[in-house]
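Trainee: Have a look at this one.
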Amino acid sequence: MTTDKPHEECGVIGIFAPAEEAASMAYFGLHALQHRGQEAAGIAVADGRIIRDHKGLGLVSQVFNQGNLSPLTGHLAIGHTRYSTSGSSSLRNAQPFLVDTQFGPLAIAHNGNIANAAQLRSEILQRGIGLPTSSDSGIMLMALAGARGDTWEERLQTVMGAWQGAYSLVLLTQDKVLAVRDPWGFRPLSLGHLPNGGFAVASESGALQTLGCHHIREIAPGEIVTLDAHGLKSCQGLKPAQPLARCTFEHIYFSRPDSVWDELSVHHVRQRLGEELWQETQLKGDVVIPVPDSAIPAAIGFSRVSHIPHNDGFIKNRYIGRTFIQPTDTLRRQGVKLKFNALPDNLRDKRVIVIDDSIVRGNTSGPLVKLLRQAGALEVHLAITCPPIAHPCYMGVDMGTYDELIAHRMTIEQTREHIGCDSLHYLSVEGVMRAIGRKEGYCNACFTGVYPFKINTQHTKTGFE
């Protein structure tokens, strides 16, 4: 079933646990990052001598079982949950990627997207080096495998300057885990102390909390962290960019509400997005309802400052998930009803204000509005906690092409007519930044078209297939 959300990016995790089996810890950490990607999952483990790995297409619970986890012995591990932002959804592109190098085995798991991947790929191929995948992550792996330097930290510093874009990486050698974040800080990456000794890194602090971590902090933009038998070591691979370019959508939609991003509670920011939305729209209505799940905090904030009652209007089928079983023609015509049902008793004869976090392609908002009207809503007013998404993301979020983005093709009034709501409202860029509480340091290119650096807009997600 097609969704009208920005598709997830990826989730990465790294474990150094001297007293425990790292694969099991990585498995449960990946479960906490499942929302960031449901196309593939993988874990690579090292025991000080060799690296073993297992990966496959599907959810973490579909890819792993006790039978294929048991052979992954060792105290060092990295893991990945994937949504394809570069390269197709195939086993070939499932991560972590593993290669043998002149310095020993190396595995990599990547969250983000390298905007200049086409140029880097051409340079590698011209040197006669083959590429094992059709994704930008494979390009980064091969560049690192052939980089100059006496240590992996030095080799990372050698190649980081050529990588223009978003990368939160975890790397695995036979005896250490490394974590590195791009100098713009596009994607989150956090570090924590494990309760029985050792360390873990993950795309979100919520995954570290699942593992019982304490003293959690963000890995700084441009920082390289090494976890091995000597403990934790940190160095600055590249100076942080000025200004930084953190992804605004981590607050709006991607991150779990229990995560901390830029030292801010995601749940709290989402409530403030709802408050700012009411301040800008001053909408009148009888009930405020969210589109579950990420819009729930915003609806609470909107209701709190507007004094309009908050209630449930949709019940979400939480177990349909990302199914690989195609529905019948009859079920396909049901569309959004496979995922949501309306609650008529909360909607009948009411002016309904619907809070949602985004409209991308505009293909599910209309059916949701229709559901509300069928349930007896008198009026339906749609309020969105971000500005119109009129430009693609080239830093690791699959938002679609210009032709696919409804805000690029239509005005707000045309979009309202297409969706069929009584009114349509978006939060401004300024409102978003007020809710976050920052004046700069965030990437809002999908709203403004102003990218942190020059972008090759011709490259597509499957351009290397």
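The values are calculated or read from the model by the stated rules, or taken from the named source; none is laboratory data. Just so we're clear, the structure is a prediction, and the values are computed from it rather than from any experiment. Counting neighbours? That spans all protein chains shown, and the Cβs are built from the backbone with ideal geometry, glycine included.
Trainee: Suppose we filter the range 166-177 for residues that are part of a strand (DSSP E or B) and surrounded by fewer than 24 Cβ atoms within 10 Å (Cβ to Cβ); how many remain?
Mentor: 0
Trainee: Answer yes or no as to whether Ala207 is buried (at least 24 other Cβ atoms within 10 Å of the Cβ) and in the same structural domain as Phe97 (by TED's automatic domain parsing).
Mentor: For Ala207, the condition - buried (at least 24 other Cβ atoms within 10 Å of the Cβ) and in the same structural domain as Phe97 (by TED's automatic domain parsing) - is met.
Okay, residues lined up against (1) in a strand (DSSP E or B); (2) buried (at least 21 other Cβ atoms within 10 Å of the Cβ):
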{"site": "Thr226", "(1), (2)": "yes, yes"}
{"site": "Pro240", "(1), (2)": "no, no"}
{"site": "Pro257", "(1), (2)": "no, no"}
{"site": "Leu273", "(1), (2)": "no, yes"}
{"site": "Gln279", "(1), (2)": "no, no"}
{"site": "Lys284", "(1), (2)": "no, no"}
{"site": "Ile289", "(1), (2)": "yes, yes"}
{"site": "Asp293", "(1), (2)": "no, no"}
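Trainee: Right, here's the next one. Quick one: in the range 415-450, of everything that is farther than 20 Å from Ser255 by Cβ and of a type in the set (Lys, Arg), which residue is surrounded by the fewest Cβ atoms within 10 Å (Cβ to Cβ)?
Mentor: Only one residue fits best here, namely Lys439.
Trainee: Just a yes or no: is a residue in the range 139-157 closer than 21 Å to Tyr394 by Cα, without any contact (Cβ under 8 Å) to a residue 24 or more places away in the chain and surrounded by fewer than 23 Cβ atoms within 10 Å (Cβ to Cβ)?
Mentor: yes
Trainee: Picking from Leu331, Leu347, Leu378, Leu371, which residue would you name as being aliphatic (A, V, I, L, M), surrounded by fewer than 20 Cβ atoms within 10 Å (Cβ to Cβ), over 30 Å from Trp163 (Cα atoms) and touching a residue at least 24 places away in the same chain (Cβ under 8 Å)?
Mentor: Result: Leu378 is the single residue among Leu331, Leu347, Leu378, Leu371 that is aliphatic (A, V, I, L, M), surrounded by fewer than 20 Cβ atoms within 10 Å (Cβ to Cβ), over 30 Å from Trp163 (Cα atoms) and touching a residue at least 24 places away in the same chain (Cβ under 8 Å).
Trainee: Being in contact (Cβ under 8 Å) with a residue 24 or more places away in the chain, closer than 26 Å to Ser135 by Cα and acidic (Asp, Glu), is that true of even one residue in the range 397-408?
Mentor: Yes, because at least one residue in the range 397-408 is in contact (Cβ under 8 Å) with a residue 24 or more places away in the chain, closer than 26 Å to Ser135 by Cα and acidic (Asp, Glu).
Trainee: Any residue in the range 266-283 that's closer than 14 Å to Ala295 by Cα: show its pairings with residues that are buried (at least 17 other Cβ atoms within 10 Å of the Cβ) and among the β-branched types (Val, Ile, Thr) at Cβ separation under 6 Å, as long as the two are six or more apart or on different chains.
Mentor: Sorted first by the residue in the range 266-283, then by its partner, the pairs are Val269/Ile436; Gln271/Ile300; Leu273/Thr385; Leu277/Thr385.
Trainee: Provide a single number: the residues in the range 354-366 that are under 20 Å from Glu379 (Cβ atoms) and in contact with a Phe, Trp or Tyr (Cβ under 7 Å, 6 or more places away or on another chain).
Mentor: 1
Trainee: One residue is enough: does the range 351-364 have a residue meeting the conditions assigned by TED's automatic domain parsing to the domain that holds Pro290, farther than 19 Å from Ser294 by Cβ and surrounded by fewer than 16 Cβ atoms within 10 Å (Cβ to Cβ)?
Mentor: No, the range 351-364 contains no residue that is assigned by TED's automatic domain parsing to the domain that holds Pro290, farther than 19 Å from Ser294 by Cβ and surrounded by fewer than 16 Cβ atoms within 10 Å (Cβ to Cβ).
Trainee: Let me ask something else. Just one of Arg361, Arg351 is under 30 Å from Ser61 (Cβ atoms), touching an Asp or Glu at 6+ places or on another chain (Cβ under 9 Å) and not small (Gly, Ala, Ser); which is it?
Mentor: Result: Arg361 is the single residue among Arg361, Arg351 that is under 30 Å from Ser61 (Cβ atoms), touching an Asp or Glu at 6+ places or on another chain (Cβ under 9 Å) and not small (Gly, Ala, Ser).
Trainee: Those residues that are farther than 22 Å from Met25 by Cα and either outside the structural domain of Leu194 (by TED's automatic domain parsing) or touching a Gly at 6+ places or on another chain (Cβ under 6 Å) (or both), I need them from the range 213-223; list them, please.
Mentor: Hits for the range 213-223 are Pro221, Gly222.
Trainee: Would it be correct to say that Arg348 is out of contact with any Ser or Thr (no Cβ under 9 Å at 6 or more places or on another chain) and over 30 Å from Tyr83 (Cα atoms)?
Mentor: In short, yes.
Trainee: Okay, next question. Got at least one residue in the range 426-441 being aromatic (Phe, Trp, Tyr) and modelled with pLDDT under 95?
Mentor: No, the range 426-441 contains no residue that is aromatic (Phe, Trp, Tyr) and modelled with pLDDT under 95.
Trainee: Separate question: Looking at Trp184 and the list (1) over 23 Å from Gly74 (Cα atoms); (2) more than 21 Å from the chain's Cα centre (by Cα); (3) of a type outside the set (Asp, Glu); (4) not in a strand (DSSP E or B), which single condition is not satisfied?
Mentor: Every listed condition holds for Trp184 apart from (2).
Trainee: Then there is this: Could you check Gln38 against (1) at pLDDT below 95; (2) closer than 20 Å to Leu232 by Cβ and say which number it fails?
Mentor: (2)
Trainee: Can you tell me which residues in the range 187-224 are of a type in the set (Gly, Ala, Ser), in contact (Cβ under 8 Å) with a residue 24 or more places away in the chain and part of a loop (DSSP other than H, G, I, E, B)?
Mentor: Gly197, Gly198, Ser203, Ala220, Gly222 - these are the residues of the range 187-224 that are of a type in the set (Gly, Ala, Ser), in contact (Cβ under 8 Å) with a residue 24 or more places away in the chain and part of a loop (DSSP other than H, G, I, E, B).
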